[in-house]
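Participant: Just dropping this structure here.
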Amino acid sequence: MNTMQKVENALADSEIKIGARGVQVYYGTNHALKDVDVDIADKTVTAFIGPSGCGKSTFLRCLNRMNDTIVGCRVEGQITLDGEDIYAPTVDPVQLRARVGMVFQKPNPFPKSIFENVAYGPRIHGLARGRAELDEIVEKSLRRAALWDEVKDRLTAPGTGLSGGQQQRLCIARAIATAPEVLLMDEPASALDPIATAQIEELIDELRSAFSVVIVTHSMQQAARVSQKTAFFHLGSLVEFGETGQIFTNPQDPRTESYITGRIG
Amino acid sequence: MTPVQSPRRSLLTVDARTRRRNAAETRFRAYGIIAVSLAMLALAVLLYSVFSNGISAFRQTFIVMDITLDSAALDPTGQRDPAAMAKVTTIGYGKQIEAALVHALEAKGISSAEISAKDVSALISKESPAQLRNIVLANPALLGSTIHFRGYANARIDGYFKGRVSMESAVRDSNISPAQLQLADKMRATGLMEVGFNWGFLTGPDASELRPEAAGLGVAILGSLYMMLIVLVLALPIGVAASIYLEEFAPQNRWTDLIEVNIANLAAVPSIVFGILGLALFINFAGLPQSAPVVGALVLTLITLPRIIIPARASLKSVPPSIRDAALAVGASKMQTVLHHVLPLAMPGILTGLIIGLAQALGETAPLLLIGMVAFVRDFPAAPPEGFFDPASALPVQVYNWTQRADPAFAERASGAIIVLLVFLLVINSVAIVLRRRFERRW
Ligand SMILES: Nc1ncnc2c1ncn2[C@@H]1O[C@H](COP(=O)(O)OP(=O)(O)OP(=O)(O)O)[C@@H](O)[C@H]1O
Ligand SMILES: [Mg+2]
């Protein structure tokens, strides 16, 4: 298993999708993220782990500039997507977010029908020519998010009427419907039961063939199962970043070791 | 060391602490019920006084009789030329009505010997000759024929049938005598007088001090309607656009803080101040006509805008930020996020604020007094848009106007006008509730 993963990683490593250099994030005067350097490879799953409040979500939001919407939040350093600086003055964050999708920590479906939730992205980006194509995108996205069988008979029901776990899968379907190149997932499985979690992990593994996935998780097992690369954050700093197998079996930093063995957190 | 054992207590008996808490809760509920009861009582008293005084304004005493229109008197030239016929004033028509009344009394066998002819004709409203004149001028072919005429009775007679005037009060009243009232009783018994629903109160124009029986709300209702129309058309887009800009797009800095404080202050500025502003700005500076609905509407728009913007901003603010994040994260632009997701969710609150603002504007009086809408207007404003610039009255101003007049018949009409105003407010608020229900969604 481990050797197989290593082979895969070696293949995937070839191309860097997102590069972050010296990223600092301040919320007002609170220095939330300190000097983070990470390279996220294409067609790879990268896991961010670390204790609560260490800045995982903050860094994730930097990658699609969702931090722009937070008053008082300041991002320094350089982040590139396919070599282009996403914080360059000429970059329109709207265009960026169409290519870098996001699933939030808390499910946040639109208060519209299930169909509309998924169809919204493709519609505003003009991804579907005609209703049939839109139906197809919606069905495909819901299937990949392991939700289709549960909702196929009630696509016009409100998305907010689903259970918490179903809502989260709806949000995943919504995110992948716009065919992003990078998918950022902030604890996507924290509200899911083991079966749905397994389905989501399967989905993540499948998505990897098409684009790169960044996942924040509090579950060490999940990180080990789905990711090829793992980054460990602690108190706003990136402590260690490397092959998932290496991080979990042979961590270089004592803090990483304490965390994954359950001594800090 | 063994832990301290607390004595086992029964669930079936209530302990002192719980009893105290329950008592406090009961007291709190009682305060609430008392407060609500007081409010309901005040409302009931208000409604009772308005309705008991005002409902009779919707009924009116009419004199019903046949009038033979004398062509010689009403069209001296005999040409049926409208211009020539218009030379005959209401005095000429008044004589026709007096003659017809004397004739009708004789026909019914009612003797009016003990009353002077002047007192008999005083039973008829001074409005009736004008009414007859309008009928004839509109249709000159009627000349020479006998028509069925239904005109207002004098306000004192009307008051007599409504219980406002009595034989005792007539003795002391220089405008009416007991003999006239007795004659009126006989006329009613023989069908020459009848009491019926008074459409003229809703459709007719205001009337002068001397003829309260003919005073109507037509011009005031039309004026209020015109103003509400303009206020809606101006305040809705401006208010919603301003709220959306301030809430969703404006940078958070000292300027927006300043604007926010100012809007809150404007909402609290007494409306009469806006009236002074309107007088200076729209009439003296911009040269718009006085008493015109357009000026009233502009002033009311200024008053209403902060009252709309504040609840609109509050309801935009109450849309969960996670919805905005969700839309932005799938690549929606700021504009799309607002229009597709935030605005629909905020709509019930925005509409409620708008409609409450409109309802308040409908009842606003003081600023309209200042811009001259209190003037006595008998001519109906034309159809929009020209009509927006014609002089008109407004419902609350009409109420104020009538309460200023001496004749007690106007007090009844003022209460009647309040009822009309309340009905309008009720309709507006019902629309608000229906709209809110239609837009309301859960998330
Ligand atoms: N909107 C914000 N405004 C101010 N400070 C914030 C904001 N969001 C996060 N922070 C601060 O930034 C730091 C990092 O928060 P972040 O949400 O990135 O943590 P996290 O690693 O995602 O934690 P968790 O695992 O609990 O989700 C925390 O100290 C937090 O208080
Ligand atoms: Mg987080």
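The values are calculated or read from the model by the stated rules, or taken from the named source; none is laboratory data. Computed from a prediction, not measured in an experiment: that's the story for all the values here. Neighbour counts run over all protein chains shown; Cβ positions are idealised from the backbone, glycine included.
Participant: May I ask you to verify whether B:Ala346 is free of Cβ contacts under 8 Å to residues at least 24 places away in the same chain, within 13 Å of chain A (Cβ to nearest Cβ) and among the hydrophobic types (A, V, I, L, M, F, W, C)?
Facilitator: Details: free of Cβ contacts under 8 Å to residues at least 24 places away in the same chain: no; within 13 Å of chain A (Cβ to nearest Cβ): yes; among the hydrophobic types (A, V, I, L, M, F, W, C): yes.
It is false that B:Ala346 is free of Cβ contacts under 8 Å to residues at least 24 places away in the same chain, within 13 Å of chain A (Cβ to nearest Cβ) and among the hydrophobic types (A, V, I, L, M, F, W, C).
Participant: Just one of the numbered conditions (1) within 13 Å of chain B (Cβ to nearest Cβ); (2) surrounded by fewer than 21 Cβ atoms within 10 Å (Cβ to Cβ); (3) among the β-branched types (Val, Ile, Thr); (4) in contact with a strand residue (DSSP E or B) (Cβ under 8 Å, 6 or more places away or on another chain) is not true of A:Thr156; which one?
Facilitator: (1)
Participant: Just to be sure, is A:Leu162 away from chain B (no Cβ under 13 Å) and hydrophobic (A, V, I, L, M, F, W, C)?
Facilitator: Values: away from chain B (no Cβ under 13 Å): no; hydrophobic (A, V, I, L, M, F, W, C): yes.
Considered against the rule, which asks whether it is away from chain B (no Cβ under 13 Å) and hydrophobic (A, V, I, L, M, F, W, C), A:Leu162 comes out as no.
Participant: May I ask you to say which residue of B:Ala242, B:Ala215, B:Ala207 is touching a Leu at 6+ places or on another chain (Cβ under 9 Å) and in contact (Cβ under 8 Å) with a residue 60 or more places away in the chain?
Facilitator: Details: B:Ala215 fails: touching a Leu at 6+ places or on another chain (Cβ under 9 Å); B:Ala207 fails: touching a Leu at 6+ places or on another chain (Cβ under 9 Å).
The match here is B:Ala242.
Participant: Please pick out the residue among B:Thr403, B:Thr352, B:Thr365 that is surrounded by fewer than 17 Cβ atoms within 10 Å (Cβ to Cβ), away from every other protein chain (no Cβ under 14 Å) and of a type in the set (S, T, N, Q). Please lay out each step first, then the result.
Facilitator: Values: B:Thr352 fails: surrounded by fewer than 17 Cβ atoms within 10 Å (Cβ to Cβ); B:Thr365 fails: surrounded by fewer than 17 Cβ atoms within 10 Å (Cβ to Cβ).
Only one candidate qualifies: B:Thr403.
Participant: Would you confirm, using the coordinates I've provided, whether A:Thr156 is touching a Gly at 6+ places or on another chain (Cβ under 7 Å) and β-branched (Val, Ile, Thr)?
Facilitator: Numbers: touching a Gly at 6+ places or on another chain (Cβ under 7 Å): no; β-branched (Val, Ile, Thr): yes.
No, not satisfied.
Participant: Okay, next question. Mind counting the residues in the stretch A:101-122 that are in a loop (DSSP other than H, G, I, E, B) and within 16 Å of ligand 2 (Cβ to nearest atom)?
Facilitator: At the first step, the residues of the stretch A:101-122 found to be in a loop (DSSP other than H, G, I, E, B) are A:104-112.
Applying the additional criterion that residues be within 16 Å of ligand 2 (Cβ to nearest atom) yields A:104-108.
The qualifying residues number 5.
Participant: (1) touching a residue at least 40 places away in the same chain (Cβ under 8 Å); (2) at negative phi; (3) within 16 Å of ligand 2 (Cβ to nearest atom): which one isn't true of A:Val38, the others all being true?
Facilitator: All conditions are met except number (3).
Participant: Here's a follow-up. Taking the condition of a type in the set (Asp, Glu) and touching a Lys or Arg at 6+ places or on another chain (Cβ under 8 Å), does B:Glu260 pass?
Facilitator: Numbers: of a type in the set (Asp, Glu): yes; touching a Lys or Arg at 6+ places or on another chain (Cβ under 8 Å): no.
In short, no.
Participant: Picking from B:Arg133, B:Arg172, B:Arg150, B:Arg156, which residue would you name as being touching a helix residue (DSSP H, G or I) at 6+ places or on another chain (Cβ under 6 Å) and either at pLDDT 85 or above or on the phi > 0 side of the Ramachandran plot (or both)?
Facilitator: Working: B:Arg172 fails: touching a helix residue (DSSP H, G or I) at 6+ places or on another chain (Cβ under 6 Å); B:Arg150 fails: touching a helix residue (DSSP H, G or I) at 6+ places or on another chain (Cβ under 6 Å); B:Arg156 fails: touching a helix residue (DSSP H, G or I) at 6+ places or on another chain (Cβ under 6 Å).
Going through B:Arg133, B:Arg172, B:Arg150, B:Arg156 in turn, just one is touching a helix residue (DSSP H, G or I) at 6+ places or on another chain (Cβ under 6 Å) and either at pLDDT 85 or above or on the phi > 0 side of the Ramachandran plot (or both): B:Arg133.
Participant: Let me ask another. Go through the stretch A:67-95 and count every residue that is among the aliphatic types (A, V, I, L, M) and not in a strand (DSSP E or B).
Facilitator: Going through the stretch A:67-95, the residues among the aliphatic types (A, V, I, L, M) turn out to be A:70-71, A:75, A:79, A:81, A:86, A:88, A:91, A:94.
Next, from what is left, pick out any that are not in a strand (DSSP E or B): A:70-71, A:86, A:88, A:91, A:94.
Summing the residues that are among the aliphatic types (A, V, I, L, M) and not in a strand (DSSP E or B) in the stretch A:67-95 gives 6.
Residue-wise test of (1) crowded, with 20+ Cβ neighbours inside 10 Å; (2) more than 16 Å from ligand 2 (Cβ to nearest atom); (3) within 19 Å of the chain's Cα centre (by Cα).
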{"position": "A:Gly55", "(1), (2), (3)": "yes, no, yes"}
{"position": "A:Cys62", "(1), (2), (3)": "yes, no, yes"}
{"position": "A:Arg65", "(1), (2), (3)": "yes, yes, yes"}
{"position": "A:Gly72", "(1), (2), (3)": "no, yes, no"}
{"position": "A:Glu76", "(1), (2), (3)": "no, yes, no"}
{"position": "A:Ile79", "(1), (2), (3)": "yes, yes, yes"}
{"position": "A:Val91", "(1), (2), (3)": "no, yes, no"}
{"position": "A:Arg99", "(1), (2), (3)": "no, yes, yes"}
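Participant: Of everything in the stretch A:69-102, what is within 16 Å of ligand 1 (Cβ to nearest atom), free of Cβ contacts under 8 Å to residues at least 60 places away in the same chain, under 24 Å from A:Gly121 (Cβ atoms) and at the interface with chain B (Cβ under 9 Å from one of its Cβ atoms)? Give them in sequence order.
Facilitator: A:Thr69
Participant: Filter the stretch A:47-66 down to residues that are within 22 Å of A:Val182 (Cα to Cα) and part of a loop (DSSP other than H, G, I, E, B) and give me whichever is nearest to ligand 1 (Cβ to nearest atom). Explain how you work it out, then say what you get.
Facilitator: Step one: filter the stretch A:47-66 for residues within 22 Å of A:Val182 (Cα to Cα), giving A:47-50, A:55-66.
If we keep only those that are part of a loop (DSSP other than H, G, I, E, B) as well, we get A:50, A:55, A:64-65.
Values: A:Gly50: 6, A:Gly55: 4, A:Asn64: 14, A:Arg65: 14 Å.
For the stretch A:47-66, the residue satisfying everything is A:Gly55.
Participant: Considering only residues that are surrounded by 22 or more Cβ atoms within 10 Å (Cβ to Cβ), more than 16 Å from ligand 2 (Cβ to nearest atom) and not in a helix (DSSP H, G or I), which ones fall in the stretch A:193-216?
Facilitator: Within the stretch A:193-216, A:Ser212, A:Val213 qualify.
Participant: Please pick out the residue among B:Lys126, B:Lys118, B:Lys87, B:Lys95 that is without any contact (Cβ under 8 Å) to a residue 24 or more places away in the chain, in a loop (DSSP other than H, G, I, E, B) and not aliphatic (A, V, I, L, M).
Facilitator: B:Lys87
Participant: Also, I was wondering about something else. Take A:Arg174 and decide whether it is under 27 Å from A:Ala20 (Cβ atoms), outside any loop (DSSP other than H, G, I, E, B), within 13 Å of another protein chain (Cβ to nearest Cβ) and basic (Lys, Arg).
Facilitator: yes
Matching residues to (1) of a type in the set (A, V, I, L, M, F, W, C); (2) within 14 Å of ligand 1 (Cβ to nearest atom):
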site	(1), (2)
A:Ala223	yes, yes
A:Lys229	no, no
A:Phe232	yes, yes
A:Gly245	no, no
A:Pro254	no, no
A:Tyr259	no, yes
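Participant: When you check A:Leu183 against the structure, is it in a strand (DSSP E or B), buried (at least 19 other Cβ atoms within 10 Å of the Cβ) and more than 16 Å from ligand 1 (Cβ to nearest atom), yes or no? Quick ask: steps written out before the conclusion?
Facilitator: Numbers: in a strand (DSSP E or B): yes; buried (at least 19 other Cβ atoms within 10 Å of the Cβ): yes; more than 16 Å from ligand 1 (Cβ to nearest atom): yes.
Taking the combined requirement at face value, the residue satisfies it.
Participant: So, one more: Which residues, counting only those in the stretch B:98-112, are small (Gly, Ala, Ser), under 17 Å from B:Ala153 (Cβ atoms) and assigned to a helix (DSSP H, G or I)?
Facilitator: Narrowing the stretch B:98-112 to residues small (Gly, Ala, Ser): B:99-100, B:104, B:107, B:109, B:111-112.
Narrowing the set further to residues that are under 17 Å from B:Ala153 (Cβ atoms) leaves B:100, B:104, B:112.
Within the stretch B:98-112, B:Ala100, B:Ala104 qualify.
Participant: Checking the conditions here, which among A:Thr29, A:Thr44 is more than 16 Å from ligand 1 (Cβ to nearest atom) and either at pLDDT 90 or above or buried (at least 16 other Cβ atoms within 10 Å of the Cβ) (or both)?
Facilitator: Numbers: A:Thr29 fails: more than 16 Å from ligand 1 (Cβ to nearest atom).
Selected residue: A:Thr44, the only one of A:Thr29, A:Thr44 that is more than 16 Å from ligand 1 (Cβ to nearest atom) and either at pLDDT 90 or above or buried (at least 16 other Cβ atoms within 10 Å of the Cβ) (or both).
Participant: Here is a check on your reading of the model: is A:Ile124 at the interface with another protein chain (Cβ under 8 Å from one of its Cβ atoms) and more than 18 Å from B:Ser322 (Cβ to Cβ)?
Facilitator: Values: at the interface with another protein chain (Cβ under 8 Å from one of its Cβ atoms): yes; more than 18 Å from B:Ser322 (Cβ to Cβ): yes.
Criteria met by A:Ile124.
Participant: Could you tell me which residue of the stretch A:193-221 is farthest from A:Val138 (Cα to Cα), considering only residues that are within 16 Å of ligand 1 (Cβ to nearest atom) and over 13 Å from the mean Cα position of the chain (by Cα)?
Facilitator: Kept after step one, since they are within 16 Å of ligand 1 (Cβ to nearest atom), are these residues of the stretch A:193-221: A:214-220.
Then drop every residue that is not over 13 Å from the mean Cα position of the chain (by Cα), which leaves A:218-220.
Numbers: A:His218: 30, A:Ser219: 30, A:Met220: 32 Å.
Top of the filtered list is A:Met220.
Participant: Within the stretch A:229-251, count every residue that is crowded, with 23+ Cβ neighbours inside 10 Å and not in a helix (DSSP H, G or I).
Facilitator: So the count comes out to 5.
Participant: Tally up the residues in the stretch B:315-343 that are in a helix (DSSP H, G or I) and within 14 Å of chain A (Cβ to nearest Cβ), please.
Facilitator: We begin by selecting, within the stretch B:315-343, every residue in a helix (DSSP H, G or I); these are B:315-317, B:321-329, B:334-343.
Now drop any that are not within 14 Å of chain A (Cβ to nearest Cβ), which leaves B:317, B:321-329, B:334-343.
Result for the stretch B:315-343: 20.
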